[in-house]
Each structure stands twice: as structure tokens, then as C-alpha cells.
Amino acid sequence: MPTLITNIKELLQIREGSVSRVSGAEMKTLPTLKNAFLLIDDGLIKDFGKMENLYEIRVNEVIDAKGKMVLPTWCDSHTHIVYAGNREGEFVDRVNGLTYEEIAAKGGGILNSAKKLQQTSEDDLYKQSAKRLDEVIKLGTGAVEIKSGYGLTLDAELKMLRVIKKLSENFPITIKATFLGAHAFPSEFNNNKEGYVDLITHTMLPKIAAENLAEFIDVFCEKGYFSVAQTEKIIVAAKTYGLIPKIHVNQFNSIGGIQISVKYNALSVDHLEVMTTEDIESLKNRTTMPVALPSCSYFLGIPYAPAREMIDSGLPLALATDYNPGSTPSGNMNFVVSTACIKMKMTPEEAINAATINAAYAMNVSETHGSITKGKKANLILTKEIPSYGFLPYAFGSNLIDSVFINGKQIKN
Ligand SMILES: [Zn+2]
């Protein structure tokens, strides 16, 4: 039986099904309907319109949204939420003045997470990750991409990907899996980096493809991590198994990661804190979605992706959390949207577009997520009473969500 939401103060992000992303100046427009209704049936958005056009219909439940707004749930296209333990010790070290390099030298960083994960059972890893997933759903995330990359051995990478698969079977939200074996070099390969690249391409990839454990391939393309040539080798190998590239690039240095990603039609390039004019040019008129991760910049105190420059050059932009134990221990997309406005000078319209429709594109769920469109999943955020949608990024740190709907089912906070 259908559910009807009535008296919606403003229904945000209403789109035709043909719109899968917005770029440049288009990002300044957020199509909305004031004083609206929305009808949910069979887990999908069945209809919506102005209250004055509401017709007689038999429904199971009517929810009065007077003073409240409805928008599509956030899509978080870049996370590492399957991990073991936390790294608050390193955080305190950093607060006390140690550098990222000094912390890594003390055994911190990605290798620290890998060691913990290798020692954690699949069941325990599942439980720790499920708790995080529960939290982000209540914060309004209705689709999430999750990466491996804290395993760094065949067995541990498979363990991570199986946990991601189990989460997607047990949770109502859409989950996409990315293989990120190329996240860091395990110390035993310090003098044989090509050997680890071979392990990824010759051993891990065939096994992951055979078990159908990942849809995307990712590489941390950065100085001191994976070179452009190594990134290319991994992308090419992964493509033979049908994996689509989504690549970590330009976090600390611009070394050509964008160009190599675009060459292989990457679905997204993520981070982008350091962008040259040439990098921006390379992304023009491409299918690749640039993705910014402002919570990571906030937590590490590094520069933010130059969103204004990118959008003003006509590029699309998506936003994601980068939820991970080292550089972004937060999966709060509401904070991401606020921070994008406060620190990256994106308008509320641009930030909401970046976190919904463009974010859905960046994780290949445009058909079902990212906008209020008839036939898409009824994955919705019902806000508390707010004066305008600009209040969402403005009142940073406040939880303005009344409840979240996943497949039409209301999850109360
Ligand atoms: Zn990341």
C-alpha cells in the first residue's frame, strides 16, 4: 500500500529521468516545488506535484510534512568504511605536532590499518563496519561506495570485499564495491614495487573477478605511492575483467593521474586538492566525474579542491566523504555539504547537486538514485522544520534530519 507525504514545504531536486548529471553553470540551479506532495508505492517514487493538484488516492499512511522539506538521500561515492579499529592515537600524535611522515615512520598510516585488518576476523570486521553503515544511513546516505585497500594481501583484500558483499546483502541501501589493492605498498615489497603491482594484476584481480566481488578499480596515484605508469598497468589489467576505473588523484601532487584516468574513461577522479590549469582542461567535455572530499581537507588541514575554478570552467563536480580511519573518520554527508559551502565557496544549490545527482553519477546509480524522479527509489531525507534549504549548509553541525526513507520505508532516528 502506498505512503503519501503531504504539505512538503519544498521538495528539492526534482528532475526528468534523462538528466544524469549537471555541469558548470547548470549546477547553480536546484529545481524545486513548493507546497508539494510525494507518493511512494512499492519502494519507488510513484508521483509528486503541488498540493493543489493532489488527487483522491487510497493510501496506507499519510505523513504531514508541514514546515519540512524533502530531498533525495545523499549518495556517498567514495568511502573506506570497512576497516578494523581506529587511529585516534595517530590523531593525538598529529595534534601534538607530529607530521604525516613521522606518524608513518612510527608504523602509522595505511599500513597500520592493514595490519589491524589482517588480524581481525571477517565476522568482527563485518560488525564494526555495519555499525558505521547504520550511522551514515541515519545521517541521510542512501547509496554508498566502499573500497577495499586495507588488506594488501590476497586473503585480506578478499576478506574486505566479502564483507562489503555481505553488507550489500543485509542492508537496504545500494552498496557498490571497489577493489583498491593499490592503496599502499606492503613493506615486504619496499624493494620490489613492480612485484606488488604484478600480485595485483596477476593474482588478486583474477580471483576478485571470478568471485564477482568488485565493480570498480581504484589506485592511489600519488608520489610515494603508485606512479602513473603503475596506475595505467593496473587500470588496463582491471578493464580486461570489466572493472570500471575510479581513481585517487591529485591529493598532494599533480603527476598526471587525471590524464591517465581520463584516457581510460574513468567514471570518476577523486580528491583533486592540487589542480593545475592543464588538469582542469583535461576534464573538459569528458564522461569522468571530478569528486571532491572536503572532510579530508578539513581533518588533515590540507588545501580544499578548487571547486570554484572547476565549476566556473564548466566542469561538473560531485562531493563524497572519504570516510576512513586515517584522514576522514566521518561519514557525515551533511557536514560535507556544509563544508563545501563554507570552505570551497560552493552555493547551497551547487553543493546539493554535487551530493545527490552528480554523486549518483560518480557511483553508477543514476538510474535509481540522486533525484526526485518518478520511478526512482524512494530514498528520501525528510528534514526537520527549517526556514529554507540554505539553512542545511548554514547550520553546520546541527542534525536537521527528521527521518530517512530507504526504499519507501521510514527509518526513524
Ligand atoms: Zn579515499
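The values are calculated or read from the model by the stated rules, or taken from the named source; none is laboratory data. Just so it is clear, the structure is predicted and the values come from calculations on it, not from any experiment. Every residue, glycine among them, receives a Cβ derived from its backbone with ideal geometry; neighbour counts consider all protein chains shown. Accessible surface areas use protein heavy atoms only, side chains included; no ligands, DNA or RNA. Shrake-Rupley method; radii C 1.70, N 1.55, O 1.52, S 1.80 Å.
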Notebook entry, point to check: Taking residue 62, is it of a type in the set (Val, Ile, Thr), farther than 18 Å from residue 186 by Cβ and modelled with pLDDT under 95?
Noted result: no
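Considering only region 207-241, state which residues are of a type outside the set (A, V, I, L, M), touching a helix residue (DSSP H, G or I) at 6+ places or on another chain (Cβ under 7 Å) and assigned to a loop (DSSP other than H, G, I, E, B). So that I can check it myself, show each step before the final result.
Step one: filter region 207-241 for residues of a type outside the set (A, V, I, L, M), giving 207, 211-212, 215-216, 218, 220-227, 230-233, 239-241.
When the remaining residues are screened for being touching a helix residue (DSSP H, G or I) at 6+ places or on another chain (Cβ under 7 Å), the result is 207, 221, 230-233, 241.
241, the sole residue that qualifies.
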Next item on the list: Take the residues in region 201-243 that are in contact with a Lys or Arg (Cβ under 9 Å, 6 or more places away or on another chain), among the aliphatic types (A, V, I, L, M) and more than 16 Å from the ligand (Cβ to nearest atom), then tell me which one is nearest to residue 150 (Cα to Cα).
Entry: 213
Next item on the list: Could you figure out which of (1) modelled with pLDDT of 95 or more; (2) over 26 Å from residue 401 (Cβ atoms); (3) of a type in the set (D, E, K, R) isn't true of residue 138?
Entry: (2)
Margin query: Among (1) open to solvent by 70 Å² or more (accessible area, probe 1.4 Å); (2) acidic (Asp, Glu); (3) touching a strand residue (DSSP E or B) at 6+ places or on another chain (Cβ under 7 Å), there is one condition residue 76 misses while meeting the rest; what is its number?
Written below: (1)
Next item on the list: Determine if region 82-92 includes at least one residue that is open to solvent by less than 40 Å² (accessible area, probe 1.4 Å), among the β-branched types (Val, Ile, Thr) and assigned by TED's automatic domain parsing to the domain that holds residue 270.
Entry: yes
Next item on the list: Would you tally the residues in region 282-309 being closer than 16 Å to residue 361 by Cα and either open to solvent by 10 Å² or more (accessible area, probe 1.4 Å) or more than 16 Å from the ligand (Cβ to nearest atom) (or both)?
Entry: 5
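Of the residues 322, 312, 279, only one is of a type outside the set (Lys, Arg), surrounded by fewer than 19 Cβ atoms within 10 Å (Cβ to Cβ) and either away from the ligand (no atom under 13 Å from the Cβ) or within 23 Å of residue 129 (Cβ to Cβ) (or both); which?
Numbers: 322 fails: surrounded by fewer than 19 Cβ atoms within 10 Å (Cβ to Cβ); 279 fails: surrounded by fewer than 19 Cβ atoms within 10 Å (Cβ to Cβ).
The match here is 312.
For every residue, the table says whether it meets (1) farther than 30 Å from residue 87 by Cβ; (2) not aliphatic (A, V, I, L, M).
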{"position": "249", "(1), (2)": "no, no"}
{"position": "274", "(1), (2)": "no, no"}
{"position": "278", "(1), (2)": "yes, yes"}
{"position": "305", "(1), (2)": "no, no"}
{"position": "335", "(1), (2)": "no, yes"}
{"position": "343", "(1), (2)": "no, yes"}
Next item on the list: Go through (1) open to solvent by 10 Å² or more (accessible area, probe 1.4 Å); (2) part of a helix (DSSP H, G or I) one by one and return the number of the condition residue 261 breaks.
Entry: (1)
Notebook entry, point to check: How many residues, within region 392-413, are without any contact (Cβ under 8 Å) to a residue 60 or more places away in the chain, open to solvent by 60 Å² or more (accessible area, probe 1.4 Å) and within 19 Å of residue 294 (Cα to Cα)?
Noted result: 2
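Just for helices (runs of 4 or more DSSP H) wholly inside region 76-144: which have at least 1 residues that are closer than 24 Å to residue 335 by Cβ and within 16 Å of the ligand (Cβ to nearest atom)? Spell out how you get there, then give the answer.
Numbers: elements: 88-95, 100-105, 110-118, 122-138.
Ranges flagged: 100-105, 110-118, 122-138.
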